[in-house]
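The values are calculated or read from the model by the stated rules, or taken from the named source; none is laboratory data. Quantities reported herein were computed from a predicted structural model and do not represent experimental measurements. Ideal geometry is used to build each Cβ from the backbone, glycine not excepted, and the neighbour counts take in all protein chains shown.
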Amino acid sequence: MHILHLSSSVALPLIADARRDGVRIIVETCPHFLTLTVEEVPDGATEFTCCPPIREAANQDTLWQGLQEGTIDCVVSDRSPCTAELKTDDFGTAWGGISSLQLGLPAIWTAARVRGRELADVARWMSTAPAALAGLAGKGAIAPGLDADFVVLAPEETFTVGPAALHHRNRVTAYAGKTLHGVVRSTWLRGVQIADAGRPTPRAACWYAPERARRGAGARGPAPTWRPTGRARRERPRRCARRPDRTRPGWSAPRARGPPRS
Ligand SMILES: [Zn+2]
């Protein structure tokens, strides 16, 4: 049994009882339930609407206890973005969802460190446990033979969330104005650096969004020097792999191939 988006701590004793009775249960909660409280939601601030809803600070303390005791296994993004128009000013009709993909790690780390938890705990909740749940054998740990997925984090550095600095298409955020610990210096996916100093690398555009690269977005910036090898070579997007490097001096469009001349 998988319990998703656990928001109410009232369920924790029931889950613990069921586990004792031998029921196999996996439980997840989300960054917003662990970092935002209903007491701090300003009037009409529907960027805080999500489903199930954010609850009281006392409830949040018990959720953290559930994580500590292992009743809750995973912290997952529950990313549910929407356009600004869908976040109407009425809590009854506003889109229920909070975008946590970019801010989930610093938001959880900020709350975890003041509760005396370690980065290793955060990695377990946000990476190891979800990878095991999803059956992703090549992810969830740093070990020989596994995918080289890394985040280079400055854990004691802080930043203040401003919607303009978000990479979400829709920059609606319940975290606006919050000062968070944990600045992501760079991000690596399967050994490829896809973000550097808060910006996607040209290689990221080619590798993970080949349709963007074809339109030319990936052709900006410095010439990518990385060449895929091994598994990355076998799995590269074919269109992108043949994309000419337009940033190279002297590049010119290839001529159309005609019939062979005799
Ligand atoms: Zn959801």
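None of 67, 103 is away from the ligand (no atom under 15 Å from the Cβ), under 23 Å from residue 169 (Cα atoms) and surrounded by 20 or more Cβ atoms within 10 Å (Cβ to Cβ) except 103.
The number of residues in the stretch 1-46 that are aliphatic (A, V, I, L, M), away from the ligand (no atom under 16 Å from the Cβ) and within 17 Å of residue 75 (Cα to Cα) comes to 5. Scanning the stretch 73-86 for residues that are within 16 Å of the ligand (Cβ to nearest atom) and not hydroxyl-bearing (Ser, Thr, Tyr) yields 74, 75, 76, 78, 79, 81, 82, 86. If you filter the stretch 47-59 down to residues that are modelled with pLDDT of 95 or more and charged (D, E, K, R), you find that the one that is nearest to the ligand (Cβ to nearest atom) is 55. In the set 123, 204, only one residue is crowded, with 20+ Cβ neighbours inside 10 Å and either modelled with pLDDT under 95 or among the aliphatic types (A, V, I, L, M) (or both); that residue is 204.
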